[in-house]
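Participant: Before I ask anything, here is the structure I am working with.
The values are calculated or read from the model by the stated rules, or taken from the named source; none is laboratory data. Keep in mind it's a predicted model, so treat the numbers as computed, not measured. Every residue, glycine among them, receives a Cβ derived from its backbone with ideal geometry; neighbour counts consider all protein chains shown.
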Amino acid sequence: MQMSAPHVESILRVRDLVKHFPVAGSRQVVHAVNGVSLEVYRGETVALVGESGSGKTTVGRCVAGLLRATSGIVIFRDVEVNAPSKLDYRYMRGKIQLVFQEPGESLDPKMRIEDSIAEPLRAARWPGERRAARVLEVTELVGLQVKVLRQYPWELSAGQQQKVAIARAIATNPELVVLDEPTSALDPTARAEIIELLRTIQEKLGTAYLFISHDLSTVRYISHRVAVMYLGMIVEHGSTTEIFRRPTHPYTIGLLSSVMLPDPRQTLRRGLQLKGEIPSPISLPQGCYLASRCPLADGRCRLELPPAVDVGRGHFVHCFKHDETRQFQFVAETGGALPASASQSVQPSP
Ligand SMILES: Nc1ncnc2c1ncn2[C@@H]1O[C@H](COP(=O)(O)OP(=O)(O)OP(=O)(O)O)[C@@H](O)[C@H]1O
Ligand SMILES: [Mg+2]
C-alpha cells in the first residue's frame with residue numbers, strides 16, 4: 001500500500017550538509033556526509049536508505065542536533081539547529097527527537113521506565129503534574145501496560161524497550177522524530193508491531209519522521225518519500241511510488257536488484273550488479289562516486305560530479321546516464337512503459 005503525503009508545510013530544511021570526522025593520528029578526515037540537501041514536510045515520512053557507511057546516521061544526528069555539522073545548514077522551522085540562540089534553544093527543546101537502532105542506546109539501564117519517559121519532559125520544563133499524566137498517556141499510546149513504568153529496561157523484551165524509546169521520543173509532542181533503523185534489532189513480529197505503531201502515532205499526532213533504514217520493504221510501506229544515499233551524498237530522491245516504480249540511479253537499481261519486493265508491479269525488468277566495494281570515505285573518488293562500481297559509467301562519469309536532474313514528477317537523480325537506466329525499469333503487462341498518470345504523485349509542491 002502506498003501512503004499519500006498529508007501536508008505541504010515544510011518543517012525541516014537541510015542544505016549542503018557536510019560532516020567530516022577526524023582520523024585519529026592523521027591529518028586526514030572521514031568524509032561521512034558530502035553535501036546533503038533535503039526537506040521534510042509536516043506529518044510525512046521521509047526515508048533515508050543506503051548501504052552501511054553511506055552517512056545515514058550522521059545525517060540523522062546532525063538533524064537532531066547531536067552532532068555539529070562541518071558546514072551547511074539544518075533549519076527546523078526558522079531555527080538553525082547547529083547554532084540556536086538561547087531563546088531558540090528553549091523553543092527547540094523537545095521539537096525534534098531521536099530513536100536509536102538499539103533501544104539500549106535510548107534507555108538508561110539504571111533508570112526506571114517512567115523516569116526514562118519523563119526525562120525529555122523534564123528537559124523541556126514540563127511541570128511535574130503534567131509530566132506524570134503525559135507519561136501515562138504515551139505509555140498507553142504505544143500499547144504498553146502501566147506496570148512497566150516501575151520496571152527497568154532489562155526486565156522488558158527488545159520490542160517493549162523500543163516501544164518505551166518511542167514513548168519517550170513522542171512525549172514532548174515533537175514535530176519530527178528521527179528514527180535510526182528502529183526495527184533492525186528486532187525479530188519479525190516485534191518489527192511489524194513497531195512499524196504499525198509508528199504509523200498509528202503519525203495518524204494520531206501528525207508527527208513527521210526521518211526514517212533511516214536498510215530495509216526497502218519497510219521503507220516502501222511506511223514512507224511518503226525516499227532519499228537514496230551513497231558515500232555521503234543523496235544520489236536520487238522522489239516519492240516512494242516513483243523510487244520503487246521508476247528507480248533511475250544505477251545505485252538505486254543495484255539496491256533494488258539485491259532484494260525481493262513483494263509487489264510484481266514494482267519489480268525491475270532486469271537487475272543491475274554493482275561491481276566491487278564502496279570506496280573509502282577518507283579519499284573520495286573524482287567524478288561520480290559510483291563510477292568505479294557502475295556498469296554504465298564512461299569517461300565523463302569518472303571526471304565530473306553529476307548534478308541533480310529533474311526526471312519529472314518530483315523525482316531527482318544525480319546521474320549522467322539516467323536515460324540509459326530506463327532499460328531496467330518496470331514494464332507494464334501491455335508491454336509499454338507505465339504512463340505517467342499511473343503513478344500517484346505524492347510529492348508535495350515545494
Ligand atoms: N564518530 C565517528 N568518527 C569517525 N568516523 C565516523 C564516526 N561516525 C561515523 N563515522 C564514519 O562515517 C561514515 C558514515 O557513517 P554512518 O554511521 O553515518 O553511516 P550509516 O549509513 O549510518 O551506516 P550503517 O548503515 O552501518 O548504520 C562511515 O565511514 C563511518 O565509519
Ligand atoms: Mg547508521
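Participant: Go through (1) assigned to a loop (DSSP other than H, G, I, E, B); (2) within 16 Å of ligand 1 (Cβ to nearest atom) and name the single condition residue 248 misses.
Facilitator: Result: residue 248 passes all but (2).
Participant: Using beta carbons and a limit of 6 Å, which pairs, at least six apart or on different chains, have the first residue in region 167-187 and within 19 Å of residue 205 (Cβ to Cβ) and the second one within 16 Å of ligand 1 (Cβ to nearest atom) and in a loop (DSSP other than H, G, I, E, B)?
Facilitator: 178/64
Participant: Let me ask something additional. Counting only residues that are buried (at least 17 other Cβ atoms within 10 Å of the Cβ) and within 13 Å of ligand 1 (Cβ to nearest atom), which one in region 23-45 is farthest from residue 228 (Cα to Cα)?
Facilitator: Restricting to residues being buried (at least 17 other Cβ atoms within 10 Å of the Cβ) and within 13 Å of ligand 1 (Cβ to nearest atom), the top hit is 30.
Participant: Same structure, new question: When both residues are 6+ apart or on different chains and their Cβ atoms are under 7 Å apart, which pairs have a first residue that lies in region 288-313 and is of a type outside the set (Gly, Ala, Ser), and a second that is modelled with pLDDT under 95 and not in a loop (DSSP other than H, G, I, E, B)?
Facilitator: Pairs found: 296/324; 313/242; 313/340.
Participant: Give the residue, chosen from 48, 121, that is over 24 Å from the mean Cα position of the chain (by Cα), in contact (Cβ under 8 Å) with a residue 12 or more places away in the chain and buried (at least 19 other Cβ atoms within 10 Å of the Cβ). Spell out how you get there, then give the answer.
Facilitator: On the way: 48 fails: over 24 Å from the mean Cα position of the chain (by Cα).
Going through 48, 121 in turn, just one is over 24 Å from the mean Cα position of the chain (by Cα), in contact (Cβ under 8 Å) with a residue 12 or more places away in the chain and buried (at least 19 other Cβ atoms within 10 Å of the Cβ): 121.
Participant: Only residues that are away from ligand 2 (no atom under 16 Å from the Cβ) and hydroxyl-bearing (Ser, Thr, Tyr): list them for region 180-206, please.
Facilitator: 189, 200
Participant: For region 207-219: of the residues being more than 16 Å from ligand 2 (Cβ to nearest atom) and in contact (Cβ under 8 Å) with a residue 60 or more places away in the chain, which is surrounded by the fewest Cβ atoms within 10 Å (Cβ to Cβ)?
Facilitator: Taking region 207-219 and keeping what is more than 16 Å from ligand 2 (Cβ to nearest atom), we get 207-208, 217.
From what is left, the residues that are in contact (Cβ under 8 Å) with a residue 60 or more places away in the chain are 207-208.
On the way: 207: 21, 208: 25.
The selected residue is 207.
Participant: Continuing with the same structure: What are the pairs with Cβ atoms under 6 angstrom where one residue, in region 89-111, is more than 21 Å from residue 154 (Cα to Cα) and more than 14 Å from ligand 2 (Cβ to nearest atom) and the other, located anywhere, is in a loop (DSSP other than H, G, I, E, B) and aliphatic (A, V, I, L, M)? Sequence gap at least six, or different chains.
Facilitator: 93/124; 94/124; 96/64
Participant: If you don't mind, there's one more thing I want to ask. Quickly run through region 266-321 and pick out the residues that are in contact with a Lys or Arg (Cβ under 6 Å, 6 or more places away or on another chain) and either of a type outside the set (A, V, I, L, M, F, W, C) or not in a loop (DSSP other than H, G, I, E, B) (or both).
Facilitator: 266, 275, 276, 287, 291, 293
Participant: What pairs can you find where one residue is in region 51-66 and farther than 13 Å from residue 279 by Cα and in contact (Cβ under 8 Å) with a residue 24 or more places away in the chain, the other is small (Gly, Ala, Ser) and within 9 Å of ligand 2 (Cβ to nearest atom), and their Cβ atoms are less than 9 Å apart, with a gap of 6+ or different chains?
Facilitator: 66/60
Participant: If only one of 48, 12 is within 16 Å of ligand 1 (Cβ to nearest atom) and under 26 Å from residue 222 (Cα atoms), which one is it?
Facilitator: Values: 12 fails: within 16 Å of ligand 1 (Cβ to nearest atom).
It is 48.
Participant: Being among the hydroxyl-bearing types (Ser, Thr, Tyr) and away from ligand 2 (no atom under 16 Å from the Cβ) is the requirement here; does residue 71 meet it? Quick ask: steps written out before the conclusion?
Facilitator: Working: among the hydroxyl-bearing types (Ser, Thr, Tyr): yes; away from ligand 2 (no atom under 16 Å from the Cβ): yes.
Judged against the criteria, residue 71 is a match.
Participant: Further, regarding this structure: Return the residues of region 158-184 that are part of a loop (DSSP other than H, G, I, E, B) and not β-branched (Val, Ile, Thr); say none if nothing qualifies.
Facilitator: Filtering region 158-184 down to residues part of a loop (DSSP other than H, G, I, E, B) leaves 171-175, 181-184.
171, 173, 174, 175, 181, 182, 184 - these are the residues of region 158-184 that are part of a loop (DSSP other than H, G, I, E, B) and not β-branched (Val, Ile, Thr).
Participant: Still on this structure, I have one more. Give region 132-157 a look and list any residue that's closer than 14 Å to residue 108 by Cα, among the hydrophobic types (A, V, I, L, M, F, W, C) and not in a loop (DSSP other than H, G, I, E, B), or say none.
Facilitator: Matches in region 132-157: 149, 154.
Participant: Right, something else. Given the criterion aliphatic (A, V, I, L, M), assigned to a strand (DSSP E or B) and either at pLDDT 95 or above or surrounded by 24 or more Cβ atoms within 10 Å (Cβ to Cβ) (or both), identify the matching residue among 194, 234.
Facilitator: Values: 194 fails: assigned to a strand (DSSP E or B).
Answer to the selection: 234.
Participant: Still on this model: Among the residues that make up region 74-83, is at least one of them in a loop (DSSP other than H, G, I, E, B), over 30 Å from residue 283 (Cβ atoms) and either within 16 Å of ligand 2 (Cβ to nearest atom) or at pLDDT 95 or above (or both)?
Facilitator: No - not one qualifying residue is present in region 74-83.
Residue-wise test of (1) under 20 Å from the mean Cα position of the chain (by Cα); (2) crowded, with 22+ Cβ neighbours inside 10 Å; (3) modelled with pLDDT under 95.
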{"residue": "102", "(1), (2), (3)": "yes, no, yes"}
{"residue": "114", "(1), (2), (3)": "no, no, no"}
{"residue": "134", "(1), (2), (3)": "no, no, no"}
{"residue": "147", "(1), (2), (3)": "no, no, no"}
{"residue": "161", "(1), (2), (3)": "no, yes, no"}
{"residue": "178", "(1), (2), (3)": "yes, yes, no"}
{"residue": "200", "(1), (2), (3)": "yes, no, no"}
{"residue": "205", "(1), (2), (3)": "yes, no, no"}
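Participant: Would you mind stating whether residue 223 is in contact with a strand residue (DSSP E or B) (Cβ under 8 Å, 6 or more places away or on another chain) and within 16 Å of ligand 1 (Cβ to nearest atom)? Write out each step before concluding.
Facilitator: On the way: in contact with a strand residue (DSSP E or B) (Cβ under 8 Å, 6 or more places away or on another chain): yes; within 16 Å of ligand 1 (Cβ to nearest atom): no.
For residue 223, the condition - in contact with a strand residue (DSSP E or B) (Cβ under 8 Å, 6 or more places away or on another chain) and within 16 Å of ligand 1 (Cβ to nearest atom) - is not met.
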